[in-house]
Amino acid sequence: MSAHSSIEWTHATWNPVTGCTEVSAGCDHCYARTFAERFRGVSGHPYAQGFDLTLWPERLDAPTRWKRPRLIFVNSMSDLFHKQVPDDFIVQVFCTMARRAPQHTYQVLTKRPSRLVHTSLLTQITQALGPWPAHIWLGVSVENQDYTWRVDKLRATPAPVKFISAEPLLGPIQFDLAGMAWLIAGAESGHGARPMDEQWVRSLRDQATAAGCAFFYKQNACRGRKVPLPLLDGERWQQFPVEVPHA
C-alpha cells in the first residue's frame, strides 16, 4: 500500500487484501507473488506471511487519509474477487470507495469477474451503495485470446467505466470492445519474462482507436528489463478514459 506508485497508469495503491492464487497463464510470473515471497518469515514485515491470502481490516480507511484526489489501484497485490475474500469484506471495500473517500478514482482489476456476475455479491453491493458510482472503475486482465470471455463477464456488470488490462500480453488478441472505455497493453518483465511482439500491441492500438476506446501502452521489456512508456510508431500512448486527477 503506497500513497505513490511506480505503475504508470495509476497514482497510488491500496491493498486491503494481499496474497492470491494462480488462475491462468498470466499468473505464471506474478510480480506480486515474487515480491511478497521475498519476505516470508521476516518478523514484523507486512509480507511476513508471503503471498498467502490475508485480509487487512485495519487498512479499510486508508483512502480517507488521502485528502487530495488521486487514481488508486485497488489490490495491486491481490484480487478483490478471490473466492477466499468474504462477501461482507468486499462490500466494506466498496463502501470506503463510494461513501467514505469518494474524492478518489478507484481502479479495480480482476481475473475473476464471474464471481461478481454469477453470485449474490453484485446484489449486496447494489443494496449497500445503490447505482454503481462512476468513480469506481472495473477492469479485467486478459493475457491471450483464451481469456477474452472475461470481457463478456465484465460487460454484464453495471460499472459505468469498464477497462481491460492486456498485461502481460502473451499473444495476439482480437477484442470485442463494445462497452469498454479503456485498454491497457504491456509486456511481461522480470526473470523468465516471455517475449511480446510489438505487432500485437499495434493491433490493440488500432482496435481501440477504431472503437473509440482510450489506449495506454504501459511497457515493453528488453531481456526482461522493463521499458516504461515506450514509443509505438513514434508516439507515446497514455490515454485515459476520462479526465483524471493530477498526481
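The values are calculated or read from the model by the stated rules, or taken from the named source; none is laboratory data. Not measured: the values here are computed from a predicted model. Every residue, glycine as well, gets a Cβ built from its backbone with ideal geometry; the counts of neighbours run over all protein chains shown.
Among the residues of the stretch 1-31, which ones are at pLDDT 95 or above and of a type in the set (Gly, Ala, Ser)?
Within the stretch 1-31, ALA12, GLY19, SER24, ALA25, GLY26 qualify.
For SER203, which of the numbered conditions (1) closer than 30 Å to GLY224 by Cβ; (2) of a type in the set (S, T, N, Q); (3) surrounded by fewer than 16 Cβ atoms within 10 Å (Cβ to Cβ); (4) out of contact with any strand residue (DSSP E or B) (no Cβ under 9 Å at 6 or more places or on another chain) fails to hold?
Just one mismatch for SER203, condition (3).
In the stretch 95-142, which residue that is part of a loop (DSSP other than H, G, I, E, B) and among the hydrophobic types (A, V, I, L, M, F, W, C) is surrounded by the fewest Cβ atoms within 10 Å (Cβ to Cβ)? Walk me through how you get there before you give the answer.
Start the filter on the stretch 95-142 by keeping residues that are part of a loop (DSSP other than H, G, I, E, B), which leaves 101-104, 111-112, 119-120, 130-135, 142.
Filter once more, keeping what is among the hydrophobic types (A, V, I, L, M, F, W, C): 101, 132, 134, 142.
On the way: ALA101: 21, TRP132: 18, ALA134: 11, VAL142: 25.
In this case the residue turns out to be ALA134.
Report whether or not ASP79 is over 17 Å from the mean Cα position of the chain (by Cα), of a type in the set (Asp, Glu) and within 27 Å of GLN238 (Cα to Cα).
Values: over 17 Å from the mean Cα position of the chain (by Cα): no; of a type in the set (Asp, Glu): yes; within 27 Å of GLN238 (Cα to Cα): yes.
No; evaluated as a whole, the condition is false for this residue.
Give the residue that is nearest to VAL151 (Cα to Cα), with candidates limited to residues of the stretch 176-198 that are in contact with a Cys (Cβ under 8 Å, 6 or more places away or on another chain) and buried (at least 22 other Cβ atoms within 10 Å of the Cβ).
So in the stretch 176-198, the residues in contact with a Cys (Cβ under 8 Å, 6 or more places away or on another chain) come out as 177, 180-183.
Subset that is buried (at least 22 other Cβ atoms within 10 Å of the Cβ): 180, 182-183.
Numbers: MET180: 9, TRP182: 12, LEU183: 11 Å.
Taking the candidates together, the pick is MET180.
Against the condition touching a Cys at 6+ places or on another chain (Cβ under 6 Å), among the hydroxyl-bearing types (Ser, Thr, Tyr), surrounded by 15 or more Cβ atoms within 10 Å (Cβ to Cβ) and modelled with pLDDT of 95 or more, how does SER78 come out, does it pass? Step through it out loud before you land on a result.
On the way: touching a Cys at 6+ places or on another chain (Cβ under 6 Å): yes; among the hydroxyl-bearing types (Ser, Thr, Tyr): yes; surrounded by 15 or more Cβ atoms within 10 Å (Cβ to Cβ): yes; modelled with pLDDT of 95 or more: yes.
Yes.
SER189 versus (1) among the hydroxyl-bearing types (Ser, Thr, Tyr); (2) farther than 30 Å from TRP66 by Cα; (3) modelled with pLDDT of 95 or more: which is the lone unmet condition?
Failed condition: (3).
Which one of these is out of contact with any Lys or Arg (no Cβ under 9 Å at 6 or more places or on another chain), hydrophobic (A, V, I, L, M, F, W, C) and touching a residue at least 24 places away in the same chain (Cβ under 8 Å): ALA3, ALA98?
Working: ALA3 fails: out of contact with any Lys or Arg (no Cβ under 9 Å at 6 or more places or on another chain).
Unique residue meeting the criteria: ALA98.
Can you pull out every residue in the stretch 232-247 that is surrounded by fewer than 12 Cβ atoms within 10 Å (Cβ to Cβ) and within 11 Å of TRP9 (Cα to Cα)?
ALA247
Being in contact with a Phe, Trp or Tyr (Cβ under 8 Å, 6 or more places away or on another chain), farther than 22 Å from ILE136 by Cβ and not polar (S, T, N, Q) is the requirement here; does ALA185 meet it?
Working: in contact with a Phe, Trp or Tyr (Cβ under 8 Å, 6 or more places away or on another chain): yes; farther than 22 Å from ILE136 by Cβ: yes; not polar (S, T, N, Q): yes.
For ALA185, the condition - in contact with a Phe, Trp or Tyr (Cβ under 8 Å, 6 or more places away or on another chain), farther than 22 Å from ILE136 by Cβ and not polar (S, T, N, Q) - is met.
Listed here are the residues, each with its yes/no results for (1) in contact (Cβ under 8 Å) with a residue 12 or more places away in the chain; (2) outside any helix (DSSP H, G or I); (3) closer than 26 Å to SER189 by Cα; (4) in contact with a Lys or Arg (Cβ under 9 Å, 6 or more places away or on another chain).
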| residue | (1), (2), (3), (4) |
| --- | --- |
| ALA36 | yes, no, yes, no |
| ARG40 | no, yes, yes, no |
| PHE51 | yes, yes, yes, yes |
| PHE89 | yes, no, no, no |
| VAL93 | yes, no, no, no |
